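Only the coordinates and a few stated rules stand behind these numbers; no lab work does. None of these values were measured; they are calculated from a predicted model. Neighbour counts run over all protein chains shown; Cβ positions are idealised from the backbone, glycine included.
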Amino acid sequence: MNPHPAIRRAGILLQYGRHRQAIAALEAALSAEPDSPALLEALQHARLRRSQSRGWGGMRHQLVAWLLFLSALLLAISPFVLLVHRLDDWLPARRDDDLLTLLAVIVAGVLLILPLILLGTRLFLWVWFRYLGLLPEVERANAEAQLARAVNLAVLEPQYSLARERFASRKDR
């Protein structure tokens, strides 16, 4: 059964934190169809999400997501930074540095740091889903919705979907 278009629209609006617009859309649809239990239930859900999003509860998971993301990237990139610092002390200073040498160093740095950023992202996803596993079932959907507001999930695809599938399969065991 396909949900009512107003319910689908409200779900999208709720994911992006637009609670007032979602409630207004559901109230407008409910005024046109006052006997719809699905619309009434969706309106109650939207009002609950709005009340949960106020104050610390509204940004708790966003803060956790950012702290986990930055920590994972720091852990992944720190060996590279330490290596570069050691190499800088070890290599003798060259007086004949030219543009080609500088370009080679930049390309090598990018080629080394990109896999480390991907490793940090995977580490973040692993820790994030461990964190979700510690949350009560009711709170998980709220936490994932807040992650969508804190981090651009489209950038993390397909890794995010794969990690989410693994999390769901482990949770069902």
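Net charge of the neighbourhood of Leu14, taken over other residues with C-beta under 10 Å away and scored Lys/Arg +1, Asp/Glu -1, is +4. Principal-axis analysis of the Cα atoms of the chain puts helix 56-90 at an angle of about 10° to the longest axis.
Axis angle, to the nearest 10 degrees, between helix 159-172 and the longest C-alpha principal axis of the chain: 60 degrees. The helix-based estimate of mean residue ellipticity at 222 nm for the chain, built from -39,500 (n - 2.57) per DSSP H run of four or more residues and divided by its residue count, is -28500 deg cm²/dmol to the nearest 500. Across every pair of non-identical alpha carbons in the chain, the mean reciprocal distance, once inverted, gives a Kirkwood radius of 19.5 Å.
Radius of gyration (Cα atoms) of the range 5-53, expressed as a multiple of 2.2 N^0.38 Å: 1.00.
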